[in-house]
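Okay, structure first, notes after.
The values are calculated or read from the model by the stated rules, or taken from the named source; none is laboratory data. This one's a predicted model, so the numbers in the text were calculated from it and none came from an experiment. Glycine also receives a Cβ, built like all others from the backbone with ideal geometry; neighbour counts cover every protein chain displayed. The protein model used for the area step is the full one, side chains on, heavy atoms only, and it has no ligands, DNA or RNA in it. Shrake-Rupley method; radii C 1.70, N 1.55, O 1.52, S 1.80 Å.
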Amino acid sequence: MQNYDGIKHRPRIVRIGDVKEETPTVKSIAFRDDQCSKGKPGQFVMIWIPGIDEVPMSLSLIGRDGASGVTVRKRGEATSALCAKKTGDQIGVRGPYGTYFTVGKEAKLLLAGGGTGTAALAPLIEMPIMRKKDLTIVTGSRTKTELIYLDRFKALHPLKMMRLVATTDDGSYGIKGLASSVVDILLEKEKFDMIYACGPEPMMKTILDSAQKTSTPVQFSLERIFKCGVGICGSCSLGQYRVCRDGPVFSGDMLKGISEFGKTRRDSAGRIVPI
Ligand SMILES: Cc1cc2nc3c(=O)[nH]c(=O)nc-3n(C[C@H](O)[C@H](O)[C@H](O)COP(=O)(O)OP(=O)(O)OC[C@H]3O[C@@H](n4cnc5c(N)ncnc54)[C@H](O)[C@@H]3O)c2cc1C
Ligand code: FES
C-alpha cells in the first residue's frame, strides 16, 4: 500500500487548469492535486517542467475543494517555460514540502510581501482564522504593473479588518519606496504581535533588524537555490540550515546571528556569491 511520503516524493502528473496573467511577467497556474490541497501556507512544491527543469514554487492557492496553484515570475529557462504553459498542458508536482506559517492567538498581524514573495502569503491571508485578526498587508514591487493580487486582497475587505498598503520602487502606485521601509515606519508607530514576510532576502534582513529593535516576533519564508528540495544536495544552505528541509519558514530566533542572511547565497554551481 502506498504511504503518504511515497506519494509526496514522486512527481505527480497534473493537468493545468486556469492560467491567469497577473502582470506582464507573472502568471498564476492552477491545477488539481489532493496532496497540494492539504498543504499549509508557506510550504513549497517542486514543479517539474518536462524536458526543461524542476523548480521550487510556493503554493499560492490552497483550495479546500482540491484546487491548488502557484504564481510564477518569468526569470530564466524553467520559469519562462512554465509561464508559456496553457490550460490542458501537463506538469509534474512533488511535495508540498517544508515548514509553514503558524497562526496563534496574536491579534494584530503585519504581513509583508516583496514581488512574487506575496504568493507565499496569499493562502495565509485567506485562512478562515484570519477573519478574526487585525491585518496590515504591505505588498511591494518594482512598478505598478508588477504588483500582484491587489484585487484578490481587496475582495477580502468586507470580511475582516484589513489595511492594504502598496509600495512601488518607482512611485508609480502607492507609496514610493521599499516594502521594508514601510514596515520600519509602521513598527516605529505601532505595536504588532507578529510579522509574516516573504520576498528578496535583503528586504527580510531589513525587516528582521527592525523587528528585533521592537521585540516583534517574525516568521519569514526564504527562497534560495533549491535542487533536490529534500535536504540532500546542500545548494540551499544558510548557516547551519538547509532551507528546503529546516524551512522555508523560519522564526527570527532561528535567523538571529546568521551572518550570511541577506548578504550571500550559493549560486547554481554551488559558489558562494553576494545577494
Ligand atoms: C521555497 C521557494 C519558493 C519559491 N516560490 C516562488 C514563487 O512562488 N514564484 C516564483 O516566481 N518564484 C519562486 N521561487 C523562485 C524560483 O524557484 C526561481 O525563480 C526559479 O527556480 C528560477 O528558475 P529559472 O530556470 O527560470 O531561472 P534560472 O536560470 O535558474 O535563474 C535565473 C536567475 O535567477 C537566480 N535565481 C534562481 N533562483 C533563485 C532563488 N531562489 N533566489 C535567488 N535567485 C535565484 C539565478 O541565480 C539566476 O541569476 C521560489 C524559490 C524557493 C526556493
Ligand atoms: S535543495 Fe537540496 S538540500 Fe535543499
Name the residues in the stretch 185-205 that are surrounded by 17 or more Cβ atoms within 10 Å (Cβ to Cβ) and out of contact with any strand residue (DSSP E or B) (no Cβ under 9 Å at 6 or more places or on another chain), would you? Lys205
Qualifying residue in the stretch 61-73 (condition: touching a residue at least 60 places away in the same chain (Cβ under 8 Å), open to solvent by less than 10 Å² (accessible area, probe 1.4 Å) and either within 16 Å of ligand 2 (Cβ to nearest atom) or over 13 Å from the mean Cα position of the chain (by Cα) (or both)): no
Looking at (1) closer than 19 Å to Lys20 by Cα; (2) open to solvent by 60 Å² or more (accessible area, probe 1.4 Å); (3) within 16 Å of ligand 2 (Cβ to nearest atom), find the lone condition where Met57 falls short. (2)
Determine whether Ala107 is small (Gly, Ala, Ser), surrounded by fewer than 20 Cβ atoms within 10 Å (Cβ to Cβ), free of Cβ contacts under 8 Å to residues at least 24 places away in the same chain and more than 16 Å from ligand 2 (Cβ to nearest atom). no
Would it be correct to say that Thr79 is out of contact with any Cys (no Cβ under 9 Å at 6 or more places or on another chain), surrounded by fewer than 17 Cβ atoms within 10 Å (Cβ to Cβ), under 28 Å from Gly171 (Cβ atoms) and free of Cβ contacts under 8 Å to residues at least 40 places away in the same chain? no
Tell me which residues, restricted to the stretch 150-173, are crowded, with 19+ Cβ neighbours inside 10 Å, under 23 Å from Met130 (Cβ atoms) and in contact with a Lys or Arg (Cβ under 8 Å, 6 or more places away or on another chain). Thr167
Which one of Lys8, Lys86 is open to solvent by 80 Å² or more (accessible area, probe 1.4 Å) and among the basic types (Lys, Arg)? Lys86
Show me the helices (runs of 4 or more DSSP H) entirely contained within the stretch 163-275 in which 2 or more residues are basic (Lys, Arg), within 12 Å of ligand 1 (Cβ to nearest atom) and under 23 Å from Ala122 (Cβ atoms). none
Which residue pairs have Cβ atoms under 6 Å apart, sit 6 or more places apart or on different chains, and have a first residue in the stretch 206-228 that is within 23 Å of Ala119 (Cα to Cα) and within 16 Å of ligand 2 (Cβ to nearest atom) and a second that is in a loop (DSSP other than H, G, I, E, B) and open to solvent by 50 Å² or more (accessible area, probe 1.4 Å)? Ile225/Ser268; Lys227/Cys233
